[in-house]
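A short write-up of the structure that comes next.
The values are calculated or read from the model by the stated rules, or taken from the named source; none is laboratory data. Source: prediction; values computed, not measured. Glycine also receives a Cβ, built like all others from the backbone with ideal geometry; neighbour counts cover every protein chain displayed. For accessibility, only protein heavy atoms count, side chains too; no ligands or nucleic acids. Shrake-Rupley method; radii C 1.70, N 1.55, O 1.52, S 1.80 Å.
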Amino acid sequence: MLDPDNGLSLTIARIVQRLKGSSLHSQLERQARVSLHRPEIKLESLKEDIKDFLKTSGWEKKLQNAVYSELNVFPSPCYPAAPPEHMKEPLAYMRKAQGSWEKRILKSLNSMCTELSIPLAQKRPVSEQKELLNKWNEMGTDEPDLSLFRPVYAPKDFLEVLMNLRNPNYENGEQPSFRNHLGLIQVPLRVKDIPELKEEFSELGLNIGQLGIDDSTQVPPEFFENEHVRVGQKVLVEQDSAAAQQYVRQGCPTALRADLWALILNVSNQPEDILYYEQLKSNVIQHDLLVDSLIYKDVKLTASNDDYYFVFEDYLYQVLLCFSRDTSVLEHFTYSSATPPKSYIRGKLGVEEYAVFYPPNGVIPFHGFSMYVAPLCFLYHEPSKLYQIFREMYVRFFFRLHSISSHPSGIVSLCLLFETLLQTHLPQLFYHLREIGAQPLRISFKWMVRAFSGYLATDQLLLLWDRILGYNSLEILAVLAAAVFAFRAVNLMEVTSLAAAEAVLADLSTLKVMPLLQIFLFATVT
């Protein structure tokens with residue numbers, strides 16, 4: 001066990017090291033130098049005077065937000081002697097399963113490459129570069145022939161892998177397990193029960209005001225909303241990330257959501273950020289990657305056919321094509337169980353000096369990937385800011401939904417939490433669906449992998465994502481999935497097949513997220 005004092009020291013050292021190379025560090029240094037010319041800065045109290053100046057001029061708050069962001073993103077430090085892979089994933093069998101899954105993805109990608117005789121990457125001819133630059137803001141009008149391309153994998157393929165996960169140290173004999181878990185996920189991970197979830201999501205209680213609830217019994221809705229907007233405006237004036245994160249647990253007013261999310265994610269869209277986005281755009285213009293076609297195909301198959309999101313088709317191409325070139329995304333692999341794929345220069349297979357990460361960001365898109373971006377288009381209309389928000393959401397949350405790990409917000413834990421909640425609190429429904437061959441997870445898995453994007457109405461989805469940001473956790477996805485089954489339990493008890501169960505749960509667009517969550521968490525008998 002890591003000593004708390006040592007853990008704190010390691011955390012401080014890591015944050016200092018990371019911030020030293022940031023633009024914020026150079027800006028702070030510049031401001032400190034500028035302050036030396038101010039009359040209130042005295043030589044005898046130089047250090048304290050500069051500190052006071054940085055505090056009153058707002059730079060201390062920016063530093064606090066940067067530190068808070070680091071604490072939210074990076075996990076607590078491991079024991080100093082632990083190997084680096086333990087920071088990625090502490091359980092060896094999970095690391096092995098993730099490695100096998102990555103090999104399958106690469107095999108699928110390489111076989112597509114071979115079948116279509118298309119290189120992984122190639123420089124675009126000058127004429128093609130000019131054409132792409134001219135139609136950058138209307139790429140949706142382009143209709144390339146994508147009939148031969150197929151998604152590398154879909155959520156259902158990933159579910160099959162998770163169903164076969166086993167802990168080799170765990171006795172899997174004929175005797176019932178100590179969990180008596182009858183779901184599809186058969187790994188012994190610790191997940192929260194209803195009392196623990198009530199404590200974690202205490203701000204969602206029945207007697208606490210919420211945006212997204214039509215009729216609060218304690219406080220008139222209009223009074224709560226007016227007061228909540230006033231507090232939200234104050235949080236934005238203060239520019240405090242921690243306060244913003246606490247605030248959004250009760251939901252974001254529509255007019256403040258974009259600014260509050262940016263504050264929580266510590267995205268400020270400085271000139272250097274805009275320049276970085278333009279550099280990524282330039283990389284897209286110059287080089288054609290095989291994954292570009294996968295991105296085109298995914299947008300065409302998903303967002304382009306969605307009543308809410310089809311209008312954002314151009315934005316989706318811009319953001320996702322730039323994302324595939326962004327090498328800063330590679331940093332998240334230090335705390336992700338996944339490993340970025342490598343490609344080798346022709347004829348140099350296996351020679352590390354000739355290896356490059358492919359795609360440059362290390363993330364191979366799958367069927368539905370573009371739906372992580374689509375809802376954000378309602379909030380951000382400036383491409384570089386939209387891009388930064390998506391990148392932060394991905395490296396904090398979304399990567400966990402398509403990698404195998406034991407993390408509480410990882411997809412394996414979410415599946416287990418969902419099945420455990422149903423089995424414990426709706427046992428009759430759970431056993432009925434299991435008996436007719438309609439395991440609940442087969443239906444809910446796609447919802448959770450996409451964080452419900454494309455399934456809920458957009459206003460409800462944004463209320464859900466408010467809480468993901470507020471609690472810095474994806475566990476609420478599993479709770480909502482269980483709550484949906486509870487809400488439709490009467491109809492589901494009458495079905496006799498998987499197809500019939502899927503039909504009952506085919507349309508979630510009329511559901512109100514917050515009442516469902518409140519009733520399931522706080523009106524469930526435990």
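Of all aspartates and glutamates in the structure, those lying under 17 Å Cα to Cα from residue 512, and not within fewer than 8 positions of it along the same chain, are 214, 215, 459, 466. When the solvent-accessible area of the chain is split by element, carbon and sulfur atoms take up 55 percent of it, the probe being 1.4 Å. When peptides 417-429, 108-120, 275-287 are sorted by average Cβ neighbour count within 10 Å, with the highest value leading, the order is 417-429, 275-287, 108-120.
A probe of 1.4 angstrom, applied to the heavy atoms of all protein chains, finds residue 48 with accessible area near 100 square angstrom. Other residues lying with their Cβ under 13 Å from the Cβ of residue 204 contribute a combined charge of -2, Lys and Arg counting +1, Asp and Glu -1. What aspartates and glutamates could a cross-link reach from residue 446, if we take a straight Cα to Cα line under 18 Å and drop same-chain neighbours fewer than 8 places away? Candidates past the 8-residue exclusion: 157, 160, 298, 306, 419, 475, 502, 507.
The gain in end-to-end length when the residue 457 to residue 60 segment is fully stretched comes to 139.0 nm, 0.36 nm per residue minus the alpha carbon separation.
Using the Cβ-Cβ distance between residue 33 and residue 126 with R0 set to 41 Å, the FRET efficiency from 1/(1 + (r/R0)^6) comes to roughly 0.35. Along the stretch 22-34 the Karplus relation, 6.51 cos²θ - 1.76 cosθ + 1.60 evaluated at θ = phi - 60°, assigns HN-Hα couplings of 8, 5, 4, 4, 5, 5, 5, 4, 4, 5, 5, 5, 4 Hz to successive residues, with x for each Gly and Pro.
If a/c stays under 1.5 just call it rounded; otherwise compare a/b with b/c (prolate if a/b is bigger, oblate if not). Do that for the chain, with a ≥ b ≥ c from the square roots of the Cα gyration tensor eigenvalues. Rounded, since a/c falls under 1.5. Sketch the reach of a paramagnetic label on residue 509 as a point 7 Å from Cα along Cα-to-Cβ, and name the residues of the stretch 360-374 whose backbone nitrogen lies under 17 Å away. The answer is 371, 374. Distance from the Cα centroid of the stretch 113-139 to that of the stretch 96-112 is 25 Å (rounded to whole angstrom). Phi-derived couplings, Karplus 6.51 cos²θ - 1.76 cosθ + 1.60 at θ = phi - 60°, listed residue by residue for the stretch 501-508: 5, 5, 5, 4, 9, 6, 10, 9 Hz, with x used for Gly and Pro. Give the distance, in whole Å, between the Cα centre of the stretch 366-397 and the Cα centre of the stretch 294-334. Answer, in whole Å: 8. For the pair residue 156 and residue 100 in one chain, pulling the backbone fully straight at 0.36 nm per residue adds 18.5 nm over the alpha carbon distance. Note on residue 230: accessible area approximately 120 square angstrom, rounded to 10, probe 1.4 Å, nucleic acids and ligands left out. For the stretch 234-361, the Cα-based Rg and Dmax, in that order, read 18.7, 60 Å.
Think of it as helices only: each DSSP H run of n ≥ 4 in the chain is worth -39500 (n - 2.57), and spread over all residues that comes to -16500 deg cm²/dmol at 222 nm. Cross-linked pairs 103/156; 130/281; 96/297; 62/281; 156/300: Cα-Cα separations exceed 23 Å for 96/297; 62/281. Take residue 510: with every protein chain present and a 1.4 Å probe, its accessible area is about 100 Å². Taken over the stretch 90-200, the convex hull of the Cα atoms encloses 236 Å³ per residue.
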